[in-house]
1. Filter segment 80-112 down to residues that are open to solvent by less than 30 Å² (accessible area, probe 1.4 Å), of a type in the set (A, V, I, L, M) and within 13 Å of the ligand (Cβ to nearest atom), then give me how many there are.
2. Is it the case that segment 244-252 has a residue that's touching a residue at least 60 places away in the same chain (Cβ under 8 Å) and more than 22 Å from Met13 (Cβ to Cβ)?
3. What pairs can you find where one residue is in segment 22-46 and over 30 Å from Leu129 (Cα atoms), the other is more than 9 Å from the ligand (Cβ to nearest atom), and their Cβ atoms are less than 6 Å apart, with a gap of 6+ or different chains?
4. Could you list, in sequence order, all residues of segment 123-143 that are surrounded by fewer than 16 Cβ atoms within 10 Å (Cβ to Cβ) and either touching an Asp or Glu at 6+ places or on another chain (Cβ under 6 Å) or closer than 20 Å to Ser111 by Cα (or both)?
5. Among what's in segment 156-172 and is in contact (Cβ under 8 Å) with a residue 24 or more places away in the chain and among the hydroxyl-bearing types (Ser, Thr, Tyr), pick the residue that is surrounded by the fewest Cβ atoms within 10 Å (Cβ to Cβ).
6. Looking only at strands (runs of 3 or more DSSP E) that fall completely inside segment 213-325, which ones have 1 or more residues that are open to solvent by 20 Å² or more (accessible area, probe 1.4 Å) and under 19 Å from Met43 (Cβ atoms)?
7. Which of the numbered conditions does Gly25 fail, given that it passes all the others? Conditions: (1) within 16 Å of the ligand (Cβ to nearest atom); (2) over 29 Å from Ser274 (Cβ atoms).
8. Taking the conditions exactly as written (in contact with a Ser or Thr (Cβ under 6 Å, 6 or more places away or on another chain), of a type in the set (Asp, Glu) and at pLDDT 95 or above), does Asp266 satisfy them or not?
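The values are calculated or read from the model by the stated rules, or taken from the named source; none is laboratory data. Owing to the predicted nature of the structure, the values given are computational and were not obtained by experimental measurement. Here Cβ is always computed from backbone atoms with ideal geometry, including for glycine, and neighbour counts include all displayed protein chains. Protein only, heavy atoms only, side chains kept; ligands, DNA and RNA dropped before computing areas. Shrake-Rupley method; radii C 1.70, N 1.55, O 1.52, S 1.80 Å.
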Amino acid sequence: MEKVDLLTFGEAMVSLRSSGPLAQGGTLTTHMAGSEANVAVAMSRLGHTTKWVGRLGEDPHGEFIRRQLGAEFVEGQITVDPDRATGVMFLEQRTADVSRALYYRSGSAGSEISPLDLEPALAESATILHLTGITPALSANARMAFERAAAGAAAAGMMVSLDVNYRNKLWSREDAREVLSAVAGYAQIVIASEDELNLLAPKGSAAADSGSDAGVAGIAAELLALGVNEVVVKLGADGAEVYTLAGKFHVDAKAVSVVDTVGAGDAFTAGYLSAVVDGESIEARLVRGNTLGAFAVSTRGDWEGLPNRAELDLLSVQAMGSTQR
Ligand code: KDG
């Protein structure tokens with residue numbers, strides 16, 4: 001089998017989205033969710049070869065996810081577990097400004113991904129192995145898969161990227177720091193929002209000891225000293241920045257109308273990694289990350305509104321509010 005541009009793994013779920021308060025009932029729409037699958041779909045749309053490894057239940061939800069991945073040309077290396085269900089989440093649009101995730105994923109098929117599941121894909125190799133901090137929060141097996149994949153990929157010369165993606169409904173900040181800071185040393189690219197970066201600070205370091213108040217620049221410096229090449233910080237509406245040994249780079253976000261922020265971080269990550277695979281400069285990586293982030297926030301769904309390669313310039317070349325004819 002050919003080496004893919006992006007290999008990733010984790011839990012994909014069915015996301016049932018409401019347009020109002022769940023307590024009042026109403027219509028739900030069915031979507032595929034899962035940070036790693038989102039990144040794979042986003043990069044596949046840009047023409048990259050992608051592979052997602054995971055476990056699904058032997059149920060219609062699992063089949064739905066398989067079909068969605070297939071339709072987006074993401075290669076799935078999927079183990080079907082007849083004894084566990086595919087995870088489900090609800091995404092409640094509680095108000096125009098506040099949405100809430102409710103997870104029904106504990107003990108799911110996807111939460112039991114194990115190191116063995118990953119062996120074939122790791123053996124086939126990839127340009128980038130992309131990890132998120134969601135996977136190790138799911139189970140002891142998933143944590144082992146996460147840790148071994150990071151170590152194995154780094155030893156085999158793959159580029160490892162790690163997006164913190166802290167989910168406080170799944171684990172505590174202390175537990176997350178313990179696991180993620182240890183794995184950060186295998187990563188060439190780490191991605192975090194400002195309030196997540198501290199979770200990567202090497203244990204016992206000044207940044208880790210001083211808690212989340214430690215400055216972003218200080219933590220980035222410690223990660224660079226550890227061997228990380230690019231410390232990418234997502235700043236939402238303020239754009240994004242990257243710390244490297246050559247200095248700090250910043251690119252503003254694109255001004256768009258925000259309708260749904262869920263999935264924006266994954267979209268940014270996919271844009272950034274796409275430009276890495278293409279050998280683009282640090283600034284161009286940030287620009288593509290921000291471009292995908294802008295598509296994500298200005299369309300509904302985690303990934304449905306993301307661009308194909310021909311559409312990458314759409315938000316720059318077309319006047320806001322206009323129709324292309
Ligand atoms: O990044 C968007 C994700 O929040 C969503 O797709 C579901 O992976 C998910 C999670 O664990 O929250």
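1. Result for segment 80-112: 4.
2. For segment 244-252, residues touching a residue at least 60 places away in the same chain (Cβ under 8 Å) and more than 22 Å from Met13 (Cβ to Cβ): absent.
3. Leu22/Glu92; Gly26/Gly20; Leu28/Leu16; Leu28/Ser18; Thr29/Arg17
4. Ala140 - this is the single residue of segment 123-143 that is surrounded by fewer than 16 Cβ atoms within 10 Å (Cβ to Cβ) and either touching an Asp or Glu at 6+ places or on another chain (Cβ under 6 Å) or closer than 20 Å to Ser111 by Cα (or both).
5. Restricting to residues being in contact (Cβ under 8 Å) with a residue 24 or more places away in the chain and among the hydroxyl-bearing types (Ser, Thr, Tyr), the top hit is Tyr166.
6. Where strands (runs of 3 or more DSSP E) fall fully within segment 213-325 and carry at least 1 residues being open to solvent by 20 Å² or more (accessible area, probe 1.4 Å) and under 19 Å from Met43 (Cβ atoms), they are 230-234.
7. Result: Gly25 passes all but (1).
8. Spelling it out, Asp266 is indeed in contact with a Ser or Thr (Cβ under 6 Å, 6 or more places away or on another chain), of a type in the set (Asp, Glu) and at pLDDT 95 or above.
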